[in-house]
Every structure is written in structure tokens, then in C-alpha cells.
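The values are calculated or read from the model by the stated rules, or taken from the named source; none is laboratory data. What you see is a predicted model; the values in this text were computed from it and never measured. Using ideal geometry, Cβ is built from the backbone for each residue, glycine included, and neighbour counts are taken over all protein chains shown. Ligands, DNA and RNA are excluded from the accessible area calculation, which covers all protein heavy atoms including side chains. Shrake-Rupley method; radii C 1.70, N 1.55, O 1.52, S 1.80 Å.
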Amino acid sequence: MAAAPAPPAARAARVGLLYDERMCAHATPDGEEHPENPERLRAIWRKLNAEGVASRCVVLKAKETEDKYIASVHSNNHIKLMKEISSKKYDSSRNKIARKYNSIYFNKGSSESAVLAAGSVIEVAEKVAAGELRSAIALVRPPGHHAEHDEAMGFCLFNNVAVAANYLLNDRPDLGIKKILIVDWDVHHGNGTQKMFYNDPRVLFFSVHRFDYGSFYPSEGDGSHCFIGEEAGKGYNINVPWEHGKCGDADYIAAWDHVLLPVTEAFDPDIILVSAGFDAVLAAAAAAASNATRTAAAALGDPLGGCCITPNGYALLLTKLLGFAKGRIVMALEGGYNLRSIANSVFACAKVLLGDKFTFSSPEMQPFESTWRVIQAVRDELKTYWPVLSSKLPENLSLRIKPSPSELYASSDSEPDGEDVDELSGALSSVNVIQFADDAISEHLSKMKLDEENLAVKTASSCSTAEHHPTDSVEVDIDGSVVLSKRISDLSLAWRSDLSRTHVWYASFGSNMWKPRFLCYIQGGKAEGMSIPCCGSRDTSSPRGTMWKTVPHRLLFGRSSTPCWGTGGVAFLNPEINYNEKSYVCMYKITLEQFNDILFQENRLVLEDGKNGNVVYPDSPLIGSSEVEFMSTNKAIHLEPIKDSWYSNVLYLGDEDELPILTMTCPSSDIERYKSGELPLAPPSKTYAATLIKGLVEGKQLDADGAASYINAAAARGL
Ligand code: Q9C
Ligand code: ZN
């Protein structure tokens, strides 16, 4: 019997579409509003059904996965916790555990959703790899690309795409997948995925994201274009980090045409996995319908992303990928928080995969001037690994100038849980001011009511008020060596109670990385190795938290001796950002009042009156709330009134847990003097170095050898 002609449906590309209401179970515990909520999936699903697209796809249900497949990229502890977090056992501690992570919530449905999300991406990837489907879209949540080996973060519990990639490579050799391209177009850097394949040449990881010089979430330097992979994986990690928001179709298309596509051609992947966040989207359809201006249109877009891709833009980016890997493309949903935008964007992508004809009008906008700069930097960084990137970019590129701060300000919508503030300051920080021009700063400082006189000690008034105001006498005994009593009298120091209500992270990179030494700045006294005691802070309460991080600033050792540590240099961070650097910082969550007291001590502004044991602090804070706000935009504040002190430059290193990370170091002008030899660079003394090493070892950052070579290397290489 002759074969009947295939029905039209069979000739069309078979496109998988995975949707499962069970992944809506993950939600905030008490119905609090949150951008990453179950309505995201439902909105997309409704749109695809309403437009008749779902019925043209092969619709699949979610599938749980086995632990062993998740274990390829996550620690067993992490898997166990994520799988148990929804159980009764954690009813009373669930929220507390969530708070330990960065931007994470849990409820009774989280465990199931997370396992289904990872399993679902495996499910569709397997079917595409096996040729059962041409391509597929997995509508999953929670998203995955921020999740790290042993850590949930950024709304992500398991790294769904990484789990699926590992499954194909390691568990299914029968499918013949040897090289995988992961394209991460979520507006945020795919930090988790990057780390998981950092030295693996079988996985080419490409992420294009808002970076804003490292201040956009996840605010780690490793979204920089300098992070190109390690060992055998060198050249197989590509970051395209936008310098500011507002990047749109034209910018992304330029990154595709001049970075991603030529490399993909050379790499020749067997399958492409897309970490498809739609948080760089602009609700263009809605905007066009209302004939709105570009700025008004931006306000309709994603509440977190502040970029301007249109649904048609995503469709074009996807179309350009279809020519590779025999069209085997798996899209997995990551972020995207404007319901209308994500529904329109997924709809546009589904039509591309189904083979619908699209007419793309060329983007109305030109790429930003900064876009070409970023693309050129990426090409330069990678051209030895991908010779196709060596060619010169076309000349006479037409450019758009960078958006003004007010334009950027208008581009991010507000968000219910207060994240808008953070995202806005991210947008505004697109001006990379490391240190502020003197006239600008002096104007600002005049606002601070801070002058040399205020910093000078007011012994008379302080002592005379001692009788009328509460004083305290704190006995401190650290390692039994010193007992320091102090009486502090502060009259009407309203700033102290104000600033005691604000918390910040103080990021230490020198001896304060060793907690007992840091505590001397809080409680007073001296720890092992110190030759003189500290007077401590007015408020002696212990830090609320401790956390380690690495920062993109060079560690150096300068000055020739210190009163506390004797001969040898002490640690500074070069205030300039350098993404090739990774310096360890131990961060302590303390009040802004305590931070000022540390600044005072570090800069020798606290006087001890030997006769009566009084400790006298400056009357005004150096860093108040407005200075913190100023820094979140300008990255640094040079404290003019104490400009000759060693640590007169306060740097803002980003945010953690919604709180600013602050550190203190030398001004850039000192760096110049170190470079010229005017100031001495000097290796640390033995005891000082031993303290740093103890900090790193006890903080579980490095082993003793690793810590010693980290310090020695920093001391030896200078600037
Ligand atoms: N101040 C994804 O798009 N923002 N995750 C936290 C903290 C978190 C985004 C701001 C954004 C996470 C998958
Ligand atoms: Zn995102």
C-alpha cells in the first residue's frame, strides 16, 4: 500500500512546548508580592493558547529528575536542602534559611517546582537531541542561571540549563552531543552557569547582560569580558557586558553579528540551549499601540531589566541561531517580570521555531557608541582563541550616544518589594567615576557639615559633659593581654543614634579579615600580634553577619611601617576597578555608626586622654546616609578633610542583601605616588602577614599555602 502523503502538521517543524501548573507551586510564603511569581508562567501559557500556538506544538508535561543528574552540577548538601526545604521539618526555619541567601524565597511548593524545572529542561533537551523534536521551549520556574554549585540565589534554586547540558554530555553519550552552546540572553549575568563550565571546552557559554561596570545584579566582577574560561575551557566563556541600561535590538543584533555568530560558526555546536530570560524586554507592542514615546514605552517593559529588546528583537536573535546545530534549539525560561512583555516575547519566539514567516524591519535605533566599545573589547579578549574575531569591525558605524542619567532613570519601572531603588541606582551608576573631581566633592562635603575643626577633638566639652550624661565603662579582654577601660561621653550626638539604625557591610581586605583583630575595632583591645590596642567603637555590639567575597581591585602593600604592626607595609586596595583582579574581602554587617568609628580609628582620629581614660571621638560622622547615597552612584568618596590620612577614600563595592558594601583605602593620588616611588611599597611584616593568612584560613577562603602565596604575590608584584 502506498504511503499516504504526510499531513501538513508532520511536515512542519516539531516544536516541543513544556508547561506544567505544578511549577506554579513555588511562590512567596505568605502571598507577598514578588516579581518572580507563578503568574509569569500562566500569562505565557494563556497567550500561547489564545494565539493558537500551543496547539501547533507538541505539548509536554514536566518531569521530575533524579538526584544523580542534579548532582552533576550541585553539591549533595544543596540538593538535599532544596529537596527538603518544603517539608514539614522546615516549617519553622524556612524563612530564616531563605534570608541567608541572596534574593531567595521558599514555600511548601518550592522543592517540587525546583526538581520539576530541572527535570523539564532535561526532558526537552533529550527529545531535541534525540531528534524527536526539532526544537523546544520549556516554560519553567524557578529560573536557574544564578544558582551555583552550593548556593541558591537570584530567584534560582537549581541551575536547570546547566543540569540539562551536563546530562547530555555525561549521561547520554548515545545521543551524540559533544559540543553545546549555551546562549544566556537574560538581562542578568549567568554567573552560575559560567562557573559550572568554566574549564570545560565542550560547553561554550555566551552571556550578554547589563553590567554597569559591575554594579548590576549579581554585581560580581565575573560578568566582565575578561572572564574567558580557564585551563582547557579558555576561550569557551564569552561575556558581553553592557555598560548601561537601555540597550535594545540594535545592540543585541550587533553582539550577535560581531561576536556570537562568528564564534558559533567556528565552534559548530551539536545543540543550542538558550537561557531565555525576557527581562531585557520592552513592551513594544503595547507601546506602539498607544503611540507612546520611547521613554513611556520603556516604563511598560521589564521592572528589573531596564533594557529595550522588543518581542520581534528576540525573534530575530533566535532566527539568527536557527542556522546552527541543525536548528536544534532548546529554550528554557529564566527571568522576565513584565507579564505582557514575556507573553509577547515567548509568543514571538514560538512562531520562529514553528517556522512562521517573519518580516523584520531593521531596528529603528543604532547601537550605542558604548556597544561598539564593548564588542571590540570582547573581540580583543577572545581573538587568540577565535581567529575570526581578529578582523577589523566595519568602519563608519553609526552611533548613538550614551543615554543621559535622566533617560536611564525613566527606563526602570518600580517594583513592589523595593528592589527598584537598587536597580535604579544601578542604572545611574553608568558613569564610571572612581574618584570624584575636587570641586564637585567639596560642594558635596560642604553639605556634610564636616570640617577640620569638627574632626579635631573637643576635649573640653566632652569632658565637662561627662557628669551629666550616661557614660559607660567597658572592660575588654581579648586574648587576656590587655584590659582597656574607656569612658565615653557624647553630648547630643544625634548622628550616632541616626546612623545606628542603618546597616552596611564593611569589607575588610587587610588584617581585619581575621575576626579577632576586627573585633578590636568594635570592642577595643588588641589581638595577637598587635603592638598597640584599639579603643573600639562607641557601640560595641558584634557584627550581625560575616560574609566573604572577591572584588575586582588590586591588593597592594604600601608605607614602610605602622605603629601597630611595626616595619613593613599595610594593605590597600587600588581604588580603580580591574577585572583581572580578585581580592578577598571579609565583610562584616555593622551599623553605619560603627563604620564611622572604624574610619576614625583607621585614620587615627580617636584620641585617648591618658589621664582619665576618656576616649574622644570626632563630633561628626565622615559617612552619613547622604554620603552612602552619593557613593552608590559615584562609587567612591574621597574625604577631603582627612585627605592626608592613609585611608581617606571610601569605596562603594556594590550591594549585598540590599545593603551597601563599603571599604576604606588610599586615594588614587596615593596610587600615583606609589607608582612614582614617592611613597614606598613594602611587603607586610611577618606578624601582619600572619594575621592576614589566619583571616583567610579561618574564614575558609584558602588553605595556609594558598593564603601565603596570595599575600606574597600581592606583596611582590606591587602596582
Ligand atoms: N538588591 C533572574 O532574572 N535582584 N534573577 C536583587 C537586590 C535580583 C534576577 C536586588 C534579581 C534576580 C533569574
Ligand atoms: Zn534576569
### Message
For the condition farther than 24 Å from residue 553 by Cβ and among the hydroxyl-bearing types (Ser, Thr, Tyr), what is the one hit in 632, 583, 645, 626?
### Response
626
### Task
Test each condition in (1) over 23 Å from the mean Cα position of the chain (by Cα); (2) open to solvent by 10 Å² or more (accessible area, probe 1.4 Å) for residue 632 and report the one that comes out false.
(1)
### Query
Restricting attention to segment 330-354, which residues are among the polar types (S, T, N, Q) and within 16 Å of ligand 2 (Cβ to nearest atom)?
338, 341, 345
### Task
Look at residue 212 and say whether it is modelled with pLDDT of 90 or more and either within 16 Å of ligand 2 (Cβ to nearest atom) or acidic (Asp, Glu) (or both).
no
### Task
Kindly provide the set of residues from segment 11-50 that are among the charged types (D, E, K, R) and farther than 16 Å from residue 278 by Cβ, ordered by number.
11, 14, 20, 21, 22, 30, 32, 33
### Summary
Within segment 206-221, the residues that are more than 16 Å from ligand 1 (Cβ to nearest atom) and open to solvent by less than 10 Å² (accessible area, probe 1.4 Å) are 206
### Query
Which numbered condition trips up residue 118, out of (1) free of Cβ contacts under 8 Å to residues at least 60 places away in the same chain; (2) over 20 Å from residue 334 (Cα atoms); (3) in contact with a Ser or Thr (Cβ under 9 Å, 6 or more places away or on another chain)?
(2)
### Task
Quick one: which residue in 80, 108, 89 is out of contact with any helix residue (DSSP H, G or I) (no Cβ under 9 Å at 6 or more places or on another chain) and more than 16 Å from ligand 2 (Cβ to nearest atom)?
89
### Query
When you go through 192, 235 one by one, which is the residue that is open to solvent by less than 20 Å² (accessible area, probe 1.4 Å), outside any strand (DSSP E or B), away from ligand 1 (no atom under 16 Å from the Cβ) and not basic (Lys, Arg)?
235
#### Entry: Unique residue being over 23 Å from residue 38 (Cα atoms) and touching a residue at least 40 places away in the same chain (Cβ under 8 Å) when the list is 101, 105, 69
69
### Task
Can you confirm whether segment 161-172 contains a residue that is under 14 Å from the mean Cα position of the chain (by Cα) and not assigned by the TED database to the domain that holds residue 658?
no
### Query
Does residue 124 satisfy the condition of being in contact with a strand residue (DSSP E or B) (Cβ under 8 Å, 6 or more places away or on another chain), open to solvent by less than 20 Å² (accessible area, probe 1.4 Å) and away from ligand 1 (no atom under 16 Å from the Cβ)?
yes
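Residue-wise test of (1) free of Cβ contacts under 8 Å to residues at least 40 places away in the same chain; (2) within 12 Å of ligand 2 (Cβ to nearest atom); (3) not assigned by the TED database to the domain that holds residue 375.
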{"residue": "181", "(1), (2), (3)": "no, no, no"}
{"residue": "202", "(1), (2), (3)": "yes, no, no"}
{"residue": "218", "(1), (2), (3)": "no, yes, no"}
{"residue": "224", "(1), (2), (3)": "no, no, no"}
### Task
Look through segment 136-149, keep the residues that are crowded, with 24+ Cβ neighbours inside 10 Å and farther than 25 Å from residue 347 by Cβ, and return whichever of them is farthest from ligand 2 (Cβ to nearest atom).
147
### Query
How many residues are surrounded by fewer than 16 Cβ atoms within 10 Å (Cβ to Cβ) and within 16 Å of ligand 1 (Cβ to nearest atom) if we restrict to segment 34-61?
1
### Residues located in segment 301-328, provided they are more than 16 Å from ligand 2 (Cβ to nearest atom), under 28 Å from the mean Cα position of the chain (by Cα) and of a type in the set (Val, Ile, Thr)
310
### Summary
Across (1) modelled with pLDDT of 85 or more; (2) polar (S, T, N, Q); (3) surrounded by fewer than 22 Cβ atoms within 10 Å (Cβ to Cβ); (4) touching a helix residue (DSSP H, G or I) at 6+ places or on another chain (Cβ under 8 Å), residue 648 clears everything bar (3)
### Query
What number of residues in segment 519-532 are hydroxyl-bearing (Ser, Thr, Tyr), surrounded by 15 or more Cβ atoms within 10 Å (Cβ to Cβ) and assigned to a loop (DSSP other than H, G, I, E, B)?
0
### Message
Residue under question is residue 174, and the condition is that it be farther than 20 Å from residue 265 by Cβ, at pLDDT 95 or above and more than 13 Å from ligand 2 (Cβ to nearest atom); does it hold?
### Response
yes
### Message
Please count how many residues of segment 696-719 are among the β-branched types (Val, Ile, Thr) and exposed (fewer than 14 other Cβ atoms within 10 Å of the Cβ).
### Response
0
### Task
Answer with yes or no whether residue 110 is buried (at least 18 other Cβ atoms within 10 Å of the Cβ), of a type in the set (Gly, Ala, Ser) and over 21 Å from residue 175 (Cβ atoms).
yes
### Summary
Restricting attention to segment 550-590, the residues that are polar (S, T, N, Q), touching a strand residue (DSSP E or B) at 6+ places or on another chain (Cβ under 8 Å) and open to solvent by 10 Å² or more (accessible area, probe 1.4 Å) number exactly 6
### In segment 150-165, residue nearest to residue 38 (Cα to Cα) [restricted to those that are open to solvent by 10 Å² or more (accessible area, probe 1.4 Å) and within 13 Å of ligand 2 (Cβ to nearest atom)]
155
